[in-house]
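J.: Have a look at this one before I ask anything.
The values are calculated or read from the model by the stated rules, or taken from the named source; none is laboratory data. Because the structure is a prediction, the values reported are computed rather than measured. We place every Cβ from the backbone using ideal geometry, glycine too, and count neighbours over all the protein chains shown. Heads up: the accessible areas ignore ligands, DNA and RNA and are worked out on the full protein's heavy atoms, side chains in. Shrake-Rupley method; radii C 1.70, N 1.55, O 1.52, S 1.80 Å.
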Amino acid sequence: MRIKIIIIAVLGMISSVLSATPSNINMTRGVTDISHRVYDLHMTILIICCLIGVVVFGAMFYAIVKHRKSQGAVAAQFHESTKVEIIWTVIPFLILIGMAVPATKTLIEMEDNSKSDITIKVTGSQWKWHYEYFDQGFGFYSLLATPAEQFDNLDGKNTDVAKGEHYLLEVDKPLVLPIGKKIRFLVTADDVIHSWWVPAFAVKQDANPGFINEAWTIINEPGIYRGQCAELCGKDHGYMPVVVKAVTQDEYAVWLDEQKQSVIQAKKDAEQALASTLTMEESMTLGESLYITRCAACHQPNGAGIPGVFPALKNSPMILNDRAAHIDIVVNGKAGTAMQAFKGQLTAKEIAAIVTYERNAWGHDTGDVIQVSDVDAKGAK
Amino acid sequence: MSTLSTAQEHDEHHDHKPKGMMRWILTTNHKDIGSMYLIFSFAMFLIGGAMAMVIRAELYQPGLQIVEPNFFNQMTTVHGLIMVFGAVMPAFTGLANWLIPMMIGAPDMALPRMNNWSFWILPMAFAILLSSLFMEGGGPNFGWTFYAPLSTTYAPDSTALFVFSVHIMGISSILGAINVVVTIINMRAPGMTYMKMPLFVWTWLITAFLLIAVMPVLAATVTMVLTDKYFATSFFSAAGGGDPVLFQHIFWFFGHPEVYIMILPSFGIISAIVPAFSRKKLFGYSSMVYATASIALLSFIVWAHHMFTTGMPVAAELFFMYCTMLISVPTGVKVFNWVATMWRGSMTFETPMLFAIAFIVLFTIGGFSGLMLAITPADFQYHDTYFVVAHFHYVLVTGAIFSIMAAAYYWLPKWTGYMYDEKLGKLHFWASLISVNVLFFPMHFLGLAGMPRRVPDYALQFADFNQLVSLGGFAFGVSQLIFLVVVIKCARGGEKAPAKPWEGAEGLEWDMPSPAPYHSHTTPPEVK
């Protein structure tokens, strides 16, 4: 009777596991030669382990069924055998050598970073990635694109908001890479340790602040490949996706041209902005939207911060009394804290709008409208 | 082996122990201290478990429902710290206190006053750690591995309390370990040579040396974290000439032997229970001893397998991969020996045996995933995913904790003088066995499919398994309350336990009456 109950329970468990997502229970094979080899290695070891398990547990359960007192079994007296013990030391050792050989070959190849065609510098910071096209002289930040109302349901107001298809695995600007080229990644971080991971490439490399790690890949197929930060990096560690768009080499050339054009355009815009005068209304609208995406993760949408972790902006003496220091901290950050320098991340106009917003939101009434030239003077472009 | 001297029974009446609370605060008796360790560790198990319930409730569905991410990180961190330093390690120390003097024929531990202190500073350490959760800014939120600079420059203000509490836990462990070493070396009964000691005593002796070797390394690590955060040193900051990866090397030089500290005594427990219920001597006693010693030695040269993605040179990666794979040889020997012990035995399946069999199977599954994780190229995919979470919960929950449960059921009659309720014990076992696998097995799939660990929210393709895992988690949590009922019932009364309630049990502790007298062997038994 009891055996029947156990069998039913086990079958129930297995069927519930299978009814979950059967296509989604194993490592991806990926889209690079290396990722295929890693997958094969994984499957080989998994199968070897399963076979050992079948033999060992098989023997054990045979004994459990046959050699039980209720079956009238009488205990044998043997309790050692040097021969048997040597056999079951040597056989596992040989199996291990069989595993180590392909693993060593794959590992040595994975660590060969030489002869790359393209170099991308990947920099992690709380909680976004920066990609710099080393050979092309431009770069950009890549931020989570999933709107907050899709994930933030702490007050219960967003229960009905539908989550998108690529919930938490979508960004505003993906890293664009060509297929068929050896791409070298130089991975580092600005603040804490992050880890840049794209499962489809079998690339996971820690981003250590102050040090540069190397990794590489050659992508075989065009497509969009998604990953995440893999090393705990603070509050929004779970909201730091990696998205890579792999395109053909022709498409890549076109995309590079567009990017270079937009860099030139951005410089022109910055010069124009320096000469222009921002109005309160315009700055508050732009400032609010930027504040929500760039500042609110720490300082919170209502400016209250998280006591003891991230300072409150609302009624902050610096904001109310010291305009110059306020602009300076947004532009240059504060060393030794989580406050980043935004001068490389945002344009001078955007920083001006954020500062204006912070000086006039949440009941603040400084009435200040920060101009691009004020921000430019602190070192932002 | 020996007969009980009547002097022991006299001692019971001549004892002048204080009454009430003072008895427990001032006690130097190994049984009182052992009981306090065990009760403390179970309380911590429930508190750490409650935190796991918060984690699983938040992860029941995608999106942030219950706790904000900063608090979620505090839950994962403190859950880990409590389970490692508050539940598993004190439980083993409690078992060592209760059992080692009885097993080696000694009257008590060698250093009884120190024994009292090594217990009583533990509640202080955990009171400090738990109180930091209520500070402004919250408690530690950087993972139980507290990687710098997340635990230094970017850590909450309460980090000093975390450091202080870890120091106290470390002192407690070192004191406990010294006591075990001194007791085993000096207080064995005449005739009990090293190769006649029960395996539980052997594994604890080796564990104690590991503790003495690595707890000071942990103390050094937290001290460097303290000075980096508060006194402007730069051990782990590149800006001042330090290196954040140095932190990981030092931490895991402690951390890897630490995981063996949490499993070697389990091997000793299983090596006592499996022969008892197979009614057959343990197969390969001496190879068990040598295997334990080899595992302990190897544990010092495998630490960087936790760090394959940190950008180590390929030669170092190969070295740590080979050494790590090598550990599976002595571990395999142990599993084979247990199976050979069961082979052609005359087995019965009381609760301790059920937990022991589950240990062998599920710990081995954890060992298999450990072997997979050792393969560096594959580890690049597994590292920091739920596959790792599945792996270490298999070795720690269905490994260490199942063995502690097995030990509790096995020796409860000796401790309380009453038999526990076998029906409830079996219910506890089956409820735990099924729920623990629903809880941890699907985590393998989640990790392989790409879910990182330590995230409060996840992509939609992980939703179904997470729901299943959470349900398993709640069921496992509730199942442990059955154990609480069993122990309370058993302590209050029931069927009287004979001196040796298990037909096949061996060892000096079974020569004493149940419950064991307040002082163990007051005249040393003769071991032949």
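J.: Please report how far the C-alpha centroid of the stretch B:140-205 lies from that of the stretch A:165-234, rounded to the nearest whole angstrom.
T.: If you average the Cα positions of each part, the centres end up 38 Å apart.
J.: Considering only chain A, what is the antiparallel percent among its DSSP beta bridges, to the nearest 5?
T.: Around 70 percent antiparallel, to the nearest 5.
J.: Okay, next question. Would you calculate, for chain A, the mean residue ellipticity at 222 nm contributed by helices, counting each DSSP H stretch of 4 or more residues as -39,500 (n - 2.57) and dividing by all residues, to the nearest 500?
T.: Value at 222 nm, helices only, nearest 500: -14000 deg cm²/dmol.
J.: Using a 10 Å cut-off around each Cβ of peptide B:141-153, what is the average number of partner chain Cβ atoms that fall inside?
T.: Across B:141-153, the average partner-chain Cβ count within 10 Å equals 4.
J.: Right, another one. Just order B:482-493, B:368-379 by mean Cβ neighbour count inside 10 Å, highest at the front, would you?
T.: Per-residue Cβ counts within 10 Å, averaged per peptide and sorted highest first, yield B:368-379, B:482-493.
J.: Treating the angle as unsigned and between 0 and 90°, give the value, to the nearest 10°, between the Cα long axis of helix B:199-230 and the longest Cα principal axis of chain B.
T.: Value to nearest ten degrees: 30.
J.: Averaged over peptide B:287-296, how many Cβ atoms belonging to another chain are found within 10 Å of each residue's Cβ?
T.: Per residue, the average neighbour count from other chains is 1.
J.: Estimate for me the total accessible surface buried between chains B and A (protein heavy atoms, probe 1.4 Å, no ligands or nucleic acids), in Å² to the nearest 100.
T.: 8700 Å²
J.: A further question on this structure: Could you order peptides B:266-274, A:198-206 by the average number of other Cβ atoms within 10 Å of their residues, highest first?
T.: B:266-274, A:198-206
J.: Mind checking which of B:ALA475, B:MET405, B:PHE231 is farthest towards the positive end of chain B's charge dipole, using Cβ charges of +1 (Lys, Arg) and -1 (Asp, Glu) about the Cα centre?
T.: Farthest towards the positive pole: B:MET405.
J.: With unit charges on the beta carbons (Lys and Arg positive, Asp and Glu negative) and the dipole taken about the Cα centre of chain A, which residue among A:ALA304, A:ALA215, A:LEU96 sits farthest to the positive side?
T.: A:LEU96
J.: If you don't mind, another one. Any chance you could run the full-extension gain for A:ASN315 through A:LYS173? It's 0.36 nm times the residue separation minus the Cα-Cα distance, nm to one decimal.
T.: Answer, rounded to one decimal: 47.7 nm.
J.: Averaged per residue, what accessible surface does the protein assembly as shown expose to a 1.4 Å probe, in Å²?
T.: With the other protein chains kept in place, the protein assembly as shown gives 38 Å² per residue.
J.: While we're on this one: Kindly flag which residue pairs out of A:LYS121/A:LYS268; A:LYS157/A:LYS235; B:LYS31/B:LYS334; A:LYS173/A:LYS204; B:LYS280/B:LYS500 have an alpha-carbon separation exceeding 18 Å in this structure.
T.: A:LYS121/A:LYS268; A:LYS157/A:LYS235; B:LYS31/B:LYS334; A:LYS173/A:LYS204
J.: Within a 10 angstrom radius of each residue's Cβ in A:164-173, how many Cβ atoms of other chains show up on average? Whole number is fine.
T.: Rounded to a whole number, the mean comes out at 3.
J.: Assuming R0 = 60 Å, can you tell me the calculated FRET efficiency for the pair A:GLN136 and B:ALA475, based on Cβ-Cβ distance, to the nearest 0.05?
T.: Efficiency, from the Cβ-Cβ distance: 0.60.
J.: Going by accessible area, probe 1.4 Å, with all protein chains left in place, what is the ranking of A:HIS166, A:HIS42, largest first?
T.: Most to least solvent-accessible, the answer reads A:HIS166, A:HIS42.
J.: Using a 1.4 angstrom probe and counting only protein chains, how large is the accessible area of A:THR366 in Å², to 10?
T.: Its accessible surface works out to 40 Å², give or take rounding.
J.: Follow-up. List the residue ranges in chain A for DSSP H helices whose C-alpha atoms run 15 angstrom or more along the long axis and whose Kyte-Doolittle average is 1.6 or above.
T.: A:2-19
J.: Using alpha carbons only, how many degrees (0 to 90, rounded to 10) separate the axis of helix B:264-278 from the longest principal axis of chain B?
T.: For B:264-278 against chain B, the angle is about 50 degrees.
J.: When the solvent-accessible surface of protein heavy atoms is calculated with a 1.4 angstrom probe, in what order do A:SER70, A:SER114 fall, highest first?
T.: A:SER70, A:SER114
J.: Can you tell me the order of A:317-325, B:275-283, A:285-293 when each peptide is scored by its average per-residue count of other Cβ atoms within 10 angstrom, highest first?
T.: B:275-283, A:285-293, A:317-325
J.: In terms of solvent-accessible area of protein heavy atoms at a 1.4 angstrom probe, what is the ranking of A:VAL263, A:VAL38, highest value first?
T.: Solvent-accessible surface, decreasing: A:VAL263, A:VAL38.
J.: Would you tell me the accessible area of B:TRP120, worked out with a 1.4 angstrom probe on the heavy atoms of the protein chains, in Å² to the nearest 10?
T.: Accessible area of B:TRP120: about 70 Å².
J.: If you average the C-alpha positions of the stretch B:272-339 and of the stretch A:34-82 separately, how far apart do those two centres end up, in angstrom?
T.: The stretch B:272-339 and the stretch A:34-82 have Cα centres separated by 17 Å.
J.: Now for a separate question. Would you tell me the accessible area of A:ILE118, worked out with a 1.4 angstrom probe on the heavy atoms of the protein chains, in Å² to the nearest 10?
T.: Rounded to the nearest 10, that gives 20 Å².
J.: Counting only DSSP beta bridges with both residues in the stretch A:118-264, tell me the antiparallel percent, nearest 5.
T.: Taking every DSSP beta bridge within the stretch A:118-264, about 70 percent pair in antiparallel fashion.
J.: Separate question: Which percent of the accessible area of the protein assembly as shown is formed by carbon and sulfur heavy atoms (probe 1.4 angstrom)?
T.: Taking all protein chains in place, the protein assembly as shown shows 64 percent carbon and sulfur surface.
J.: Only Lys, Arg, Asp and Glu count, each charged at its Cβ (+1, +1, -1, -1), so figure out the dipole size of the stretch A:118-264 about its Cα centre, rounded to 20 debye.
T.: Magnitude of the dipole: close to 340 debye.
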